[in-house]
Amino acid sequence: MSSKSTATGAAASTDAVNFSELVNKNRQTLARLKESPRLLLHRRDGEDLVLTTAARAEQDQTVVSAATRMLAAMARREPGSMELLLDILPEAFPWVRFLPEADVHAFALELVDTMRAADSISNSAAVAQLLTAWQHTAEAHSDPALLAALTRDHDADYGLAPDPRNAE
């Protein structure tokens, strides 16, 4: 299996191959990195992998770091900058339209702070987690029945929740 696919959220294309192709035809497969910035490796028994060169990964990190620093500096520079950020959030994240106004502001501040912190350790996992959590919050606000169920007073204490790691 050898196909062209588009990387999520990016204009650059990514070649996709089965992991076995890398194992069995490693030179030919790795040579494809000269034509494509990344190689998506499909695995049968696990999560797909992305292969790229160290130089490309460093370039990607440099771009993300620069964008993060610019956003953080802009958001903190002048009072009007935060309003600009709040104005553009719905374009970048359409689901913020479902959040109450105070939550949109809290999301913007938390996003900038988390991006700065994640950039300082070169690990974007916290940013991805933050975006997912806020999107789920917006989903709850978008459904009146769900929001009512989640926010109503239950008049009872159901005790400690069991630790999900102990579930079988």
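The values are calculated or read from the model by the stated rules, or taken from the named source; none is laboratory data. Just so it is clear, the structure is predicted and the values come from calculations on it, not from any experiment. Every residue, glycine as well, gets a Cβ built from its backbone with ideal geometry; the counts of neighbours run over all protein chains shown. These area figures cover heavy atoms from the full protein model, side chains too; ligands, DNA and RNA do not enter into them. Shrake-Rupley method; radii C 1.70, N 1.55, O 1.52, S 1.80 Å.
What is the sum of charges, Lys and Arg at +1 and Asp and Glu at -1, for the other residues whose Cβ falls under 14 Å from the Cβ of Phe98?
For residues surrounding Phe98, the net value is -3.
Rank these by accessible area, largest first, 1.4 Å probe: Met74, Met82. Display every interim value, and only then the final one.
Numbers: Met74 60, Met82 20 Å².
Largest accessible area first, the list is Met74, Met82.
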Practice problem: Taking just the C-alpha trace of the chain, give me its Rg and Dmax in Å. | Solution: 21.3, 66
Quiz item: Arg97: accessible area at probe 1.4 Å, nearest 10 Å²?
Solution: 150
Quiz item: Can you tell me the accessible area per residue over the chain, all protein chains present, probe 1.4 angstrom, in square angstrom?
Solution: 72
Quiz prompt | Of the DSSP H helices in the chain, those whose Cα atoms cover at least 15 Å axially and whose Kyte score averages -0.5 or more | solution = 54-77, 79-92, 101-120, 125-142
Practice problem: Compute the projected area of the convex hull of the Cα atoms of segment 91-160, averaged over all viewing directions, and report it in nm² to one decimal place. | Solution: 6.5
Self-check item: Cα-Cα P(r), segment 16-84, percent of pairs per 10 Å interval
Solution: 18, 32, 20, 16, 12, 3
Quiz item: Thr14's amide H: which non-local residues (gap 5+, or another chain) put their own amide H closer than 5 Å, with H modeled 1.01 Å from N in plane and none for Pro or chain starts?
Solution: Ser5, Thr6, Ala7
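Out of the total accessible area of the chain (probe 1.4 Å, heavy atoms of protein only), what percent is carbon and sulfur?
Numbers: 6680 of 12040 Å².
So the carbon and sulfur contribution to the accessible surface is 55 percent.
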